[in-house]
Amino acid sequence: MNQAKTSGEPLLSVRKLQVDIAGKRVLRSVDFDVDAGELVVLMGANGSGKSTLALALAGHPRYEVSGTAHLGGQDLLELPVEARARAGLFLSFQAPPDIPGVKNNLFIRTALNAQRASRGEPEIDAYDFLGQAKAGAKRLGLPDAMLARPVNEGFSGGERKRNELLQLALFKPRVALLDEIDSGLDVDGVRALVDLITEMRAQGTAFVVVSHYLHMIEMLEPDRVLRLQDGCISESGDLELARSITAQGFAAAPARQAAPVGA
C-alpha cells in the first residue's frame with residue numbers, strides 16, 4: 001500500500017472530464033484523484049474508454065476535451081503535449097509505436113534532457129546516460145543492443161513494454177499512466193514491473209494502471225480500484241472489486257454507486 005501519501009491537494013485531480021472523438025462522446029463525466037505515491041487501478045469493459053482517458057490526459061491532438069485536470073496545481077488541459085510531459089506526466093501506450101530512423105538511446109536521452117532543462121538542471125552527457133540506461137535495461141531484462149536500434153523497430157511485444165518501463169525508470173515522472181503495461185510481458189517481466197512501481201511509489205510517483213490481470217493487480221497492492229462504465233467512474237473499491245470483476249465479468253457484475261472521489 002501507499003507509503004508516501006501526503007496531506008493537502010491531490011497530485012492529480014480530474015473533474016467532470018468529457019471527451020469527444022470524431023463527434024462521438026466517449027467519456028461523459030470522469031472524476032478521480034490520485035495522491036503522491038498512490039496507485040489506482042482502472043478497469044472497464046472493452047471500449048469503455050480507458051485508453052481514451054489516458055490519451056486525453058496526455059494531450060491527444062484529435063480529442064475534444066472539456067472539464068478540468070490538474071497536476072500539482074497546473075492546468076493540464078491548457079498545456080501542449082510536450083509541456084505536460086515536462087510537468088511530470090508519463091504515458092505508456094497500450095501498443096507502443098515504432099519510430100523508424102530514431103535510435104532508442106538518442107530518443108530517450110533527448111526526452112530526458114528536455115525534462116532536466118525544464119527543471120533548470122544540466123544536461124546529462126552521453127557517457128553518463130549510457131551507463132544509467134544500460135543499468136536500467138539490465139534490471140528490466142532488455143538487451144543492451146536494443147538501445148542502439150530504432151525505437152521499437154523489430155521489437156517483440158514484451159520488448160516494447162520493457163522499453164516503456166526503461167523510459168519510466170529514467171524519466172522518474174510525477175504521475176505515470178500505464179495502459180495495459182503487462183500485456184506481452186512474461187513472468188519475469190511482470191515481476192520487474194511490480195518491483196519498479198513499488199520503488200517509484202516509495203519515492204512519490206503516483207500511478208494510474210489500466211489492467212485486467214488480477215495476479216499483477218494483487219501484487220501491486222493498489223490504494224483503489226475504479227470501474228469505468230457508461231463514460232464515468234461507476235464504482236470505486238479495493239482489491240475485492242477487482243476480484244469480483246475478474247470472477248463475474250463486467251456484464252454479470254453490475255456497477256454500484258461510486259464512492260466519493262479520492263475515498
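Here are some notes:
- The chain, helix-only ellipticity at 222 nm - DSSP H runs n ≥ 4, -39,500 (n - 2.57), divided by all residues, nearest 500: -11500 deg cm²/dmol
- With R₀ set to 25 Å, the beta-carbon distance separating ASN46 from ILE99 gives a calculated FRET efficiency near 0.35.
- In summary, the lysines within cross-link reach of LYS172, defined as a Cα separation below 22 angstrom excluding same-chain residues under 8 places away, comprise LYS5, LYS103, LYS134, LYS138, LYS161.
- With q set to 0.18, 0.24, 0.26 Å⁻¹, the log10 of I(q)/I(0) for segment 82-174, from the Debye formula over equal scatterers at the Cα positions, is -0.79, -1.38, -1.54.
- For the chain, the longest site-free run once trypsin sites (Lys or Arg not before Pro) in DSSP loop states with at most 10 other Cβ atoms within 10 Å are removed: 120-263
- Computed from the Cβ-Cβ distance with R0 of 25 Å, the FRET efficiency linking GLU218 to ALA135 stands at 0.30.
- Distance between the pseudo-spin-label points of ARG62 and ARG25 (7 Å out from Cα toward the beta carbon): 2.2 nm.
- ³J(HN,Hα) computed for each position of segment 120-134 - Karplus, 6.51 cos²θ - 1.76 cosθ + 1.60, integer Hz, glycine/proline x: x, 9, x, 5, 8, 6, 4, 5, 5, 4, 4, x, 5, 5, 5
- Translational D in µm²/s for segment 45-109 (Stokes-Einstein at 4 °C, 1.567 mPa s, Kirkwood Rh from C-alpha pairs): 96
- Relative contact order computed over the chain (Cα-Cα under 8 Å; 6+ residues apart), in percent: 27
- Whole-angstrom gap from segment 198-218 to segment 112-150, using each part's C-alpha centre: 23
- Whole-Hz couplings from phi, Karplus 6.51/-1.76/1.60, listed for segment 179-190; x for Gly and Pro: 9, 6, 5, 7, 4, x, 7, 7, 4, 5, x, 5
- Cut-off under 5 Å, modelled amide H: who pairs with ILE233 long-range: ASP31
- Springs between Cα atoms under 10 Å define the GNM used for the chain, and in it the highest mean-square fluctuation of THR246, THR198, THR52 occurs at THR246.
- Note on segment 130-263: Kirkwood radius taken over Cα pairs, Stokes-Einstein applied at 10 °C and 1.306 mPa s, translational D equal to 98 µm² s⁻¹.
- Compactness of segment 34-77 - radius of gyration and Dmax, Cα, Å: 11.9, 32
- 22 Å tail of the calculated P(r), segment 2-140, as % of Cα pairs: 50
- Sites ALA83 and GLU9 - FRET efficiency at Förster radius 22 Å, r taken between beta-carbons, to 0.05: 0.65
- Computed over all pairs of different Cα atoms, the Kirkwood value for the hydrodynamic radius of segment 71-115 is 12.2 Å.
- Put simply, the amide H of GLU38, placed in the peptide plane, has neighbours under 5 Å in PHE207, leaving out anything fewer than 5 places away on its chain.
- Averaging 1/r over each pair of different alpha-carbon atoms in the chain and inverting the result gives 18.9 Å, the Kirkwood hydrodynamic radius.
- HN-Hα J in Hz across segment 149-161 - Karplus 6.51, -1.76, 1.60, θ = phi - 60°, x for Gly and Pro: 8, x, 3, 6, 6, x, 6, 6, x, x, 5, 4, 5
Bear in mind these aren't lab numbers, they're just calculated from the coordinates by the rules spelled out. Fair warning: this is a prediction, and the values are worked out from it, not measured in the lab. Neighbour counts run over all protein chains shown; Cβ positions are idealised from the backbone, glycine included.
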